[in-house]
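Asker: After the structure tokens below, expect a handful of questions from me.
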Amino acid sequence: MIHCSSIGKTALLIAMADGSETEAYVSRAREKGFDVVTGKVGSMDVQKIIAAVETAAKREGLTDDSYRSQHALYHAILDALQGLGRGPLQLGNILRTVGLRFAIVRGPRTLEDMDDLWIAVSMYGMIGAPIKGHEHEVCGLGINHL
């Protein structure tokens, strides 16, 4: 298993993992002190993707009601979406859809720098026309200081 040494690498590995591999990465990340939430979302609507990630983070206690916490998560999501869309993400209005796995990881930026708290959002999946076989892989990562 690859060493989960930074928040970004950890988030990406978890989002890109399949099946039982996902749980192994999540367990390893938690052993290292990271808080982790995973999920899936598919949509032609960017707002639904944002809502799915925000809801998962809130439901599992990775964010609280403070403005700072919500704002950091929101910007990490936007940065991850920028990676998916190779710039500002447009979906339904240009007949594009995504099917994604996502990971939200909260913890230190690196395992050597344990005094800071960060949040990372990674997304991995498929993007393309809403026709089977007309899609390709994408990934995105956003990291923000809490």
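Asker: In the list Thr22, Thr97, Thr63, which residue meets the criterion of being more than 23 Å from His145 (Cβ to Cβ), surrounded by 17 or more Cβ atoms within 10 Å (Cβ to Cβ), among the hydroxyl-bearing types (Ser, Thr, Tyr) and at pLDDT 90 or above?
Answerer: After applying the criteria, what remains is Thr22.
Asker: Among the residues of segment 118-146, write down those that are modelled with pLDDT of 85 or more and more than 15 Å from His75 (Cβ to Cβ). Break it down into steps so the answer makes sense when it comes.
Answerer: Of the residues in segment 118-146, the ones modelled with pLDDT of 85 or more are 118-127, 136-146.
Listed by number, the residues that qualify are Tyr124, Gly125, Met126, Ile127, His136, Glu137, Val138, Cys139.
Asker: Return the residue satisfying two criteria in turn: it lies in segment 35-49 and is modelled with pLDDT under 95 and of a type outside the set (Gly, Ala, Ser), and of such residues it is nearest to the chain's Cα centre (by Cα). Quick ask: steps written out before the conclusion?
Answerer: Here is the first cut: in segment 35-49, the ones modelled with pLDDT under 95 are 42-49.
Now narrow it down to the ones that are of a type outside the set (Gly, Ala, Ser): 44-49.
Details: Met44: 17, Asp45: 17, Val46: 14, Gln47: 15, Lys48: 14, Ile49: 10 Å.
So, considering only residues that are modelled with pLDDT under 95 and of a type outside the set (Gly, Ala, Ser), the one nearest to the chain's Cα centre (by Cα) is Ile49.
Asker: Which of (1) closer than 22 Å to His136 by Cβ; (2) in a helix (DSSP H, G or I) does His71 not meet, given it meets every other one?
Answerer: Answer for His71: the failing condition is (1).
Asker: Could you check, for segment 68-80, whether at least one of its residues is farther than 14 Å from Ile119 by Cβ and either surrounded by fewer than 21 Cβ atoms within 10 Å (Cβ to Cβ) or hydrophobic (A, V, I, L, M, F, W, C) (or both)?
Answerer: Checking segment 68-80: not a single residue is farther than 14 Å from Ile119 by Cβ and either surrounded by fewer than 21 Cβ atoms within 10 Å (Cβ to Cβ) or hydrophobic (A, V, I, L, M, F, W, C) (or both).
Asker: Only residues that are part of a helix (DSSP H, G or I), over 24 Å from Met114 (Cα atoms) and touching a residue at least 12 places away in the same chain (Cβ under 8 Å): list them for segment 38-58, please.
Answerer: Our first condition is that a residue be part of a helix (DSSP H, G or I); within segment 38-58, this holds for 46-58.
Within this subset, residues satisfying the condition of being over 24 Å from Met114 (Cα atoms) are 46-56.
Across segment 38-58, the qualifying residues are Val46, Ile49, Ile50, Ala52, Val53, Glu54, Ala56.
Asker: May I pose another question? Is it the case that segment 20-37 has a residue that's in contact (Cβ under 8 Å) with a residue 24 or more places away in the chain and closer than 23 Å to Gly85 by Cβ?
Answerer: yes
Asker: Could you list all residues from segment 4-44 that are under 21 Å from Val98 (Cβ atoms) and of a type outside the set (A, V, I, L, M, F, W, C)?
Answerer: Within segment 4-44, Gly8, Asp18, Gly19, Thr22, Thr38, Gly39, Lys40, Gly42, Ser43 meet the criteria.
Asker: Tally the residues that are surrounded by 12 or more Cβ atoms within 10 Å (Cβ to Cβ), among the acidic types (Asp, Glu) and in a strand (DSSP E or B), restricting the search to segment 114-146.
Answerer: Selection size over segment 114-146: 1.
The values are calculated or read from the model by the stated rules, or taken from the named source; none is laboratory data. None of these values were measured; they are calculated from a predicted model. Here Cβ is always computed from backbone atoms with ideal geometry, including for glycine, and neighbour counts include all displayed protein chains.
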